[in-house]
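Enquirer: Sharing a structure with you now.
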Amino acid sequence: MSRQSATAFAPASIGNVAVGFDVLGHSFQTIGDKVTARRVATPGVTIKRITGTTVDLPLETEKNTAGMAVLSMVRDLQLDFGIELEIEKGIPLGSGLGGSAASAVAGVVAANALLAKPLTLLEQLQFALKGEQVASGSRHVDNIAPSLFGGLVLTVGIDNPNVKQIPVPPTVRCVLVHPHMVLSTREARSILSRTVDLSNVIWQTANIAGFLTGCFTSDLQLIRESLEDVIIEPQRQVLIPGFPAVKQGALGNGALGCSISGAGPTVFAWCEQQNAEAVRDAMVAGFAAQKMQSDAWISTLDAVGARIVD
Ligand code: HSE
């Protein structure tokens, strides 16, 4: 007998991880969104309620990331029942922490638990992607894939994606600092130049190859030398007051690298466990110098993705 209702948690995620614009991301377990899906007799998908850190989101199914993701599932699978959703936001709006992706992923994972024949993770990814598109206007996978699969995730391809979980050296921690401001992903994408200098493409290609090799071989020095975004960060940093000081604070306290989380304004740093608190404090101080308050978290990089919690 299939379930009548299910609640899923999907973690926040750090898109791009500096070197892999739109293709590389990692989950961040400390915060996330929850979605409850309930079977109802009325066909289609309705959103009953949105609670938590952000309530000012559309209740209209086709304008809501979780709503659209689950609606595309209901339509594609031609389900003979409807689904009612309740969304509990844990991720701040417009923070660059993959909030729209997490809601879409949690919606799909919860709805999947109601099916007599559950879908594979890759099938769920395609439906979640349709939800993400509603929020950002683009089909990027670097938040959806890590939120669904967990850990550091590289996705190659969109229509028939290869999703690969990359090992991370166990002593590495991620520090996240979220300044209290909102940045829309659409806006942060719209300012990006359509053309890129060839020398920067070569540099960034070496960086992503070096970074992934460093992760596979636990070579922290190689990670330190390659965790640098020479294409997107220089264009977007102007949107984040205090970014140079925040980054300088992280690197000056031993961080392996520091860049913008997804489209920003949250900034992340990778560092070794023993430096995590000093890195966090320096980053928070960088924003404070701009009279910006912030929230900060430190997390391990566990390869645990979205899951049913109730
Ligand atoms: N890769 C996307 C971007 C992530 O940077 O625009 C958005 O969170």
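The values are calculated or read from the model by the stated rules, or taken from the named source; none is laboratory data. Predicted, not measured: the structure shown is a model, and the values here were computed from it. Remember, those area values only see protein heavy atoms, side chains included, never the ligands or the DNA or RNA. Shrake-Rupley method; radii C 1.70, N 1.55, O 1.52, S 1.80 Å.
Enquirer: Let a ≥ b ≥ c be the square roots of the eigenvalues of the Cα gyration tensor of the chain; is it rounded (a/c under 1.5), or, if not, prolate (a/b larger than b/c) or oblate? Show your work: numbers first, answer last.
Expert: On the way: a/c = 1.86, a/b = 1.68, b/c = 1.11.
Prolate shape, in that a/c is at least 1.5 and a/b is the bigger ratio.
Enquirer: Relative contact order (percent) for the range 172-299, with alpha-carbon contacts under 8 angstrom and 6 or more residues of separation?
Expert: This gives 39 percent for the range 172-299.
Enquirer: Would you mind telling me which residue in 33, 295, 22 has the biggest mean-square fluctuation in a Gaussian network model of the chain, where springs connect alpha carbons within a distance under 10 angstrom?
Expert: Sorting by GNM fluctuation, first place goes to 295.
Enquirer: While we're on this one: Would you work out what percent of the accessible area of the range 169-310, with all protein chains in place, is carbon or sulfur (probe 1.4 Å)?
Expert: Values: 3530 of 6560 Å².
Whole-percent figure for carbon plus sulfur exposure: 54.
Enquirer: How much length, in nm to one decimal, is gained on full extension between residue 51 and residue 190, taken as 0.36 nm per residue of separation minus their Cα-Cα distance? All intermediate terms of the calculation are to be shown ahead of the outcome.
Expert: On the way: separation 139, 0.36 × 139 = 50.04 nm, distance 2.96 nm.
So the extension gain works out to 47.1 nm.
Enquirer: Report the residue, chosen from 212, 256, 192, that carries the largest GNM mean-square fluctuation when the chain is represented by alpha-carbon nodes joined by springs under 10 Å.
Expert: Largest GNM mean-square fluctuation: 192.
Enquirer: First check a/c for the range 172-299, with a ≥ b ≥ c the square roots of the eigenvalues of its C-alpha gyration tensor; if it is under 1.5, answer rounded, and if not, answer prolate when a/b is larger than b/c or oblate otherwise.
Expert: Numbers: a/c = 2.10, a/b = 1.06, b/c = 1.99.
Judged from the Cα gyration tensor, the range 172-299 comes out oblate (a/c at least 1.5, b/c at or above a/b).
Enquirer: Rank these residues by their accessible area, most exposed first, probe 1.4 Å: 203, 297, 270. If you can, show how the numbers build up before the last one.
Expert: Details: 203 120, 297 50, 270 0 Å².
So the residues, ranked largest to smallest area, are 203, 297, 270.
Enquirer: Let me ask you something else. To test your reading of the geometry: what angle, between 0 and 90 degrees and rounded to tens, separates the Cα axis of helix 65-76 from the longest principal axis of the chain?
Expert: 50 degrees
Enquirer: Can you give the angle from 0 to 90° between the axis of helix 276-288 and the longest principal axis of the chain, with both taken from C-alpha atoms, to the nearest 10?
Expert: 90 degrees
Enquirer: Let me ask something else about it. Whole-Hz ³J(HN,Hα) for each residue in the range 17-23, computed from phi via Karplus 6.51 cos²θ - 1.76 cosθ + 1.60 with θ = phi - 60°, x for glycine and proline: what do you get?
Expert: Running phi through 6.51 cos²θ - 1.76 cosθ + 1.60 with θ = phi - 60° gives 6, 6, 9, x, 3, 6, 10 Hz.
Enquirer: Past 29 Å, Cα to Cα: identify those pairs from 89/130; 63/291; 34/247; 48/291; 164/291, in the order given. Kindly include the intermediate steps, with their values, before the conclusion.
Expert: Details: 89/130 19 Å; 63/291 34 Å; 34/247 31 Å; 48/291 38 Å; 164/291 40 Å.
Distance filter (> 29 Å) returns 63/291; 34/247; 48/291; 164/291.
Enquirer: Karplus couplings for the range 222-232 from phi (6.51 cos²θ - 1.76 cosθ + 1.60, θ = phi - 60°), rounded to Hz, Gly and Pro as x?
Expert: 5, 4, 4, 6, 10, 7, 8, 9, 9, 10, 8
Enquirer: I'd like the orientation of helix 243-252 relative to the chain: the angle between its Cα long axis and the longest Cα principal axis, in ° from 0 to 90, rounded to 10.
Expert: It works out to around 70 degrees.
Enquirer: Same structure, new question: GNM on the chain, C-alpha springs below 10 Å: top fluctuator among 55, 177, 246?
Expert: 55
Enquirer: So for 302, 310, 142, what's the accessible-area order with a 1.4 Å probe, most first?
Expert: On the way: 302 65, 310 115, 142 5 Å².
The ordering from most to least exposed comes out as 310, 302, 142.
Enquirer: Can you work out the accessible area per residue across the chain, with the rest of the protein chains kept in place, probe 1.4 Å, in square angstrom?
Expert: Working: 12810 Å² over 310 residues.
Roughly 41 Å² per residue, with all protein chains present.
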